[in-house]
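Below: the structure, in structure tokens.
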Amino acid sequence: MFGSLKGEVVRKATPMRIHLTCVRDLAWCLWRSIDTCEAVMTEAVGTSGGLLSECGLPSSQMMKLLSADFTTTDDVKDMKPSELSQATGLSLKECVEVLRTASNSHHPSPVDMLQIYQEGSELPQIVTFCKALDTLLGGGIPLQAITEVSGMPGVGKTQVCLQACVSVQLPKSVGGVGGEAVYVDTEGSFTVKRLKDMASCAVHHVGTIGGVAEDVSGFTIESIMKGVHYFRCQNCVEVLAVVKNIPKLMLVHPNIRLLVLDSVSFHFRHDFPDARDRAKLLRTVTKELIQPAVTHKMAVLVTNHMTTNVKEKGSATLVPALGETWGHCPTLRLNLSWCGPTRVAALTKAPHCQNSSAYFQVSIGGLRDVSDNTQPSTAGNLQHEPLNKKRKIMESNDR
Amino acid sequence: MMESKGSHKWTKNILNELDINPKIVVCAKKGYVSASSILGASHNELEEKLGLSSFHIKNFIDAVTSHVLPKKTSAWDLSQTGEGDPKHITLGCQNLDNFLGGGVPAQGITEMTGQSGSGKTQIALQLSLCAQLPPVAGGLGKGVAYICTESQFPTARLQQMVKHFKAQHSKGPASYTDGIFVHHIPDMDSLVDCVRYQLPCLLSQRPIGLVVLDSVASPFRAEESNMENKNLLYTLGYQLHQLAATYHIAIVAINQVTSVIGNNNLYGHSGNVVPTLGLTWANLVTTRLMIGRTDSHVQAEQTEGSRQVKKSSSKTIVEYNVRELEVIFCPWLGKKSCPFVVTSKGIEDVE
């Protein structure tokens with residue numbers, strides 16, 4: 001395309017060396033205009049893989065790499081550190097770092113809104129086996145989001161978590177997520193017996209609605225119990241370690257789709273030696289919880305205590321603990337309370353539907369609807385979309 | 001040895017325990033030596049402060065994470081080893097044990113609350129004896145630490161109960177009273193200190209399976225309910241949980257009730273009394289049991305120990321007030337109630 005110019009470029013610098021120079025340097029080198037040089041560079045950059053110069057390596061290493069003609073990540077991809085070291089003159093340690101950086105760097109291209117919407121609406125949700133609750137949540141506990149469940153002691157927060165651990169493993173052919181769960185227990189309220197009871201009821205239920213045989217036959221009490229990975233954390237640093245370890249855990253168990261933290265507030269409410277430490281650790285935990293949700297398309301379910309918020313005039317209200325440091329983190333906030341002898345779930349923060357509530361009960365088999373069909377008035381809930389998704393789980397899949 | 005576990009594990013210097021490049025150790029000594037500071041900082045912050053490459057920082061964080069990470073297990077493994085099953089202490093009464101799924105839960109903190117005179121201390125005394133039974137008989141096979149905060153420990157009543165208990169249960173220790181360590185602690189600061197320092201000492205020296213707090217309410221109710229005292233109460237509960245998990249013991253705490261006007265349905269329990277100490281304490285309780293008197297009575301013959309009562313001899317007919325044990329909340333039990341009576345022998349079922 002640039003004929004004579006190209007000849008000059010070849011003489012003065014190999015096309016690959018062009019990548020490291022900026023346009024101005026090239027123009028100075030070739031005595032041509034900036035526009036021309038920009039065009040040359042654009043043409044020259046057509047290779048696959050990212051540029052090594054954009055990987056953030058120190059310039060001394062870059063010079064040695066370039067003088068040995070390594071300019072893109074593809075060039076170094078399959079090399080061993082010793083080979084690279086021999087070729088470039090870098091030390092072994094530096095080569096390890098170059099290789100590690102080259103393999104890690106990827107430039108995510110921007111995604112348009114339509115793609116995000118399509119992907120999001122295709123994601124299955126974790127049903128709770130209680131129709132009212134599923135409708136309230138817009139189909140179930142959402143993936144790629146953090147859901148907080150708060151409430152008084154004994155109202156059923158741990159039961160919701162246990163139910164989710166079973167429901168996330170429902171086979172895909174019946175409309176479930178078909179994933180595994182990680183349970184981070186801080187209070188010691190995880191009971192294997194309850195999980196077993198819920199699993200047994202779920203297996204029975206799936207057996208009655210059918211689905212693809214190979215998929216459903218693998219859904220047994222044993223498989224459900226094996227699919228719940230359990231960590232007992234005695235302090236907040238252990239909680240942080242478990243959350244930071246999720247990516248490594250995903251390498252061994254790539255099918256994890258639910259992370260349960262029961263509860264986030266237990267370790268953060270007692271006397272810390274330094275109050276600033278506590279705030280900082282809490283901020284780190286909230287940040288770290290977002291990672292599995294977004295990167296690995298997991299549902300993150302977190303339980304929280306209630307605390308009394310005394311206002312100026314002496315009146316007190318019950319609010320979820322940990323205040324605003326934590327409050328902005330969850331996407332969905334569900335509050336459980338009592339209305340007479342019945343349990344009520346109320347949505348206090350949700351991007352997709354207005355605040356409303358649902359009755360539910362806790363039975364041996366897990367969360368269920370209350371026997372009579374009276375429900376508190378719901379306002380403006382999306383009635384259409386959740387029904388479609390719900391139908392998948394209740395009927396056999398004949399697509 | 002026990003001190004290295006628990007909260008100190010994450011504030012002490014762990015650099016020398018990690019399997020990492022010594023260059024990282026040298027740099028990290030500048031200010032990132034404890035697990036809490038290392039994991040609490042972001043990747044970028046560490047890179048900036050320590051001046052190491054991304055690769056080294058990632059290795060560093062990975063090493064610390066693996067060091068601190070608790071044991072990974074699955075629900076299946078827990079069910080196979082029996083670790084995941086809640087433990088119980090028998091009450092020596094068939095009906096009550098069946099109702100509670102084996103006995104009083106020995107996981108986390110079990111609270112017994114109710115009006116004065118309802119029978120809470122009686123149950124606590126009964127538990128102190130039952131806990132010393134071997135595991136095959138439903139006990140823990142270990143001693144009891146009994147912390148009294150109100151009145152004197154009821155020694156006479158205990159002696160009376162021991163006499164009957166020995167006759168009924170053959171497998172227990174030779175001396176029940178030797179296995180109960182009583183402390184009298186009237187105020188809240190001393191109570192928290194005891195739980196923080198003296199109890200761990202006692203637990204590491206003697207085989208103790210149960211800690212009874214009779215009662216947790218009185219030291220705190222006497223003080224005003226401000227933020228500082230609430231924090232102290234939370235610290236007490238939190239430390240008790242840590243002890244339970246570290247030494248594998250059961251904690252039974254006795255609480256009082258207060259009458260309430262207005263919305264008293266916070267815990268799904270209707271009635272005109274509510275446990276004291278508020279939400280701060282309620283959030284720390286694993287199992288909440290409410291004990292109360294009912295309006296009904298049963299009649300029974302009062303027998304004296306193991307002496308045979310001949311048909312012709314005069315028997316004393318005694319009327320017992322039927323009490324009720326109700327489950328307010330428990331992670332594995334539904335809400336139900338069960339009657340019992342308090343006799344000279346201790347706690348007994350209603351036939």
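Residue-by-condition table, conditions (1) over 30 Å from B:Y267 (Cα atoms); (2) not hydroxyl-bearing (S, T, Y):
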{"residue": "A:L195", "(1), (2)": "no, yes"}
{"residue": "A:H204", "(1), (2)": "yes, yes"}
{"residue": "A:V216", "(1), (2)": "yes, yes"}
{"residue": "A:H229", "(1), (2)": "yes, yes"}
{"residue": "A:L240", "(1), (2)": "yes, yes"}
{"residue": "A:K248", "(1), (2)": "yes, yes"}
{"residue": "A:P254", "(1), (2)": "yes, yes"}
{"residue": "A:V264", "(1), (2)": "no, yes"}
{"residue": "A:T284", "(1), (2)": "yes, no"}
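The set of residues in region B:55-90 that are under 26 Å from the mean Cα position of the chain (by Cα) and of a type in the set (D, E, K, R) comprises B:K71, B:K72, B:D77, B:E83, B:D85, B:K87. The single condition among (1) of a type outside the set (F, W, Y); (2) more than 9 Å from chain B (Cβ to nearest Cβ); (3) surrounded by fewer than 24 Cβ atoms within 10 Å (Cβ to Cβ) that A:K226 does not meet is (2). Within region A:301-312, the residues that satisfy the criterion of being more than 14 Å from chain B (Cβ to nearest Cβ) and assigned to a strand (DSSP E or B) are A:L301, A:V302. Tell me, yes or no, whether region A:338-346 has at least one residue that is farther than 24 Å from A:Q163 by Cα, free of Cβ contacts under 8 Å to residues at least 24 places away in the same chain, aliphatic (A, V, I, L, M) and surrounded by fewer than 19 Cβ atoms within 10 Å (Cβ to Cβ). No - not one qualifying residue is present in region A:338-346.
Against the conditions (1) buried (at least 20 other Cβ atoms within 10 Å of the Cβ); (2) small (G, A, S); (3) under 21 Å from B:T235 (Cβ atoms), B:G143 satisfies every one except (3). Does region A:286-300 contain any residue that is surrounded by 22 or more Cβ atoms within 10 Å (Cβ to Cβ) and assigned to a helix (DSSP H, G or I)? Yes: region A:286-300 contains one or more residues that are surrounded by 22 or more Cβ atoms within 10 Å (Cβ to Cβ) and assigned to a helix (DSSP H, G or I).
Looking across region B:314-351 at every residue that is assigned to a strand (DSSP E or B) and among the aromatic types (F, W, Y), the one that is farthest from the other protein chains (Cβ to nearest Cβ) is identified as B:Y320. Of all residues in region B:62-115 being hydroxyl-bearing (S, T, Y) and within 11 Å of chain A (Cβ to nearest Cβ), which is surrounded by the fewest Cβ atoms within 10 Å (Cβ to Cβ)? Taking the candidates together, the pick is B:T81.
Where helices (runs of 4 or more DSSP H) sit wholly within region B:1-112, those with at least 1 residues that are modelled with pLDDT of 85 or more occupy B:54-68, B:75-81, B:94-99. Could you list, in sequence order, all residues of region A:313-341 that are within 10 Å of chain B (Cβ to nearest Cβ) and either out of contact with any strand residue (DSSP E or B) (no Cβ under 6 Å at 6 or more places or on another chain) or part of a loop (DSSP other than H, G, I, E, B) (or both)? The answer is A:A321, A:W338, A:C339, A:G340, A:P341.
Against the conditions (1) within 14 Å of another protein chain (Cβ to nearest Cβ); (2) modelled with pLDDT of 90 or more, B:L210 satisfies every one except (1). Of all residues in region A:173-214, those being of a type outside the set (G, A, S) and modelled with pLDDT under 85 number 5. Do you know which residues across region A:191-210 are within 11 Å of A:L170 (Cα to Cα) and within 28 Å of the chain's Cα centre (by Cα)? Answer for region A:191-210, where residues must be within 11 Å of A:L170 (Cα to Cα) and within 28 Å of the chain's Cα centre (by Cα): A:A199, A:A202, A:V203, A:V206.
For A:F272, indicate whether it is at the interface with chain B (Cβ under 10 Å from one of its Cβ atoms), modelled with pLDDT under 90 and part of a loop (DSSP other than H, G, I, E, B). Against the criterion (at the interface with chain B (Cβ under 10 Å from one of its Cβ atoms), modelled with pLDDT under 90 and part of a loop (DSSP other than H, G, I, E, B)), A:F272 qualifies. Among the residues of region B:167-178, is any in contact (Cβ under 8 Å) with a residue 40 or more places away in the chain, at positive phi and either out of contact with any helix residue (DSSP H, G or I) (no Cβ under 6 Å at 6 or more places or on another chain) or of a type in the set (F, W, Y) (or both)? For region B:167-178, residues in contact (Cβ under 8 Å) with a residue 40 or more places away in the chain, at positive phi and either out of contact with any helix residue (DSSP H, G or I) (no Cβ under 6 Å at 6 or more places or on another chain) or of a type in the set (F, W, Y) (or both): absent.
Scanning region A:231-262 for residues that are more than 9 Å from chain B (Cβ to nearest Cβ), within 16 Å of the chain's Cα centre (by Cα) and over 28 Å from B:L240 (Cα atoms) returns A:I246, A:P247, A:M250, A:L251, A:H253, A:P254, A:N255, A:I256, A:R257, A:L258. Against the test of being buried (at least 21 other Cβ atoms within 10 Å of the Cβ) and assigned to a helix (DSSP H, G or I), the options A:L282, A:L251 yield a single qualifying residue, A:L282. Residue count for region A:165-202 under the criterion of being in a helix (DSSP H, G or I), away from every other protein chain (no Cβ under 14 Å) and either surrounded by fewer than 24 Cβ atoms within 10 Å (Cβ to Cβ) or not small (G, A, S) (or both): the result is 4.
In region B:158-179, the count of residues that are in a loop (DSSP other than H, G, I, E, B) and touching a strand residue (DSSP E or B) at 6+ places or on another chain (Cβ under 6 Å) is zero. No other residue among B:Y238, B:Y267 is closer than 27 Å to A:T308 by Cα, part of a loop (DSSP other than H, G, I, E, B) and either in contact with a Gly (Cβ under 6 Å, 6 or more places away or on another chain) or assigned by TED's automatic domain parsing to the domain that holds B:E111 (or both) apart from B:Y267.
The values are calculated or read from the model by the stated rules, or taken from the named source; none is laboratory data. Quantities reported herein were computed from a predicted structural model and do not represent experimental measurements. Please note: Cβ atoms are built from the backbone with ideal geometry, for glycine as well, and neighbour counts cover all protein chains shown.
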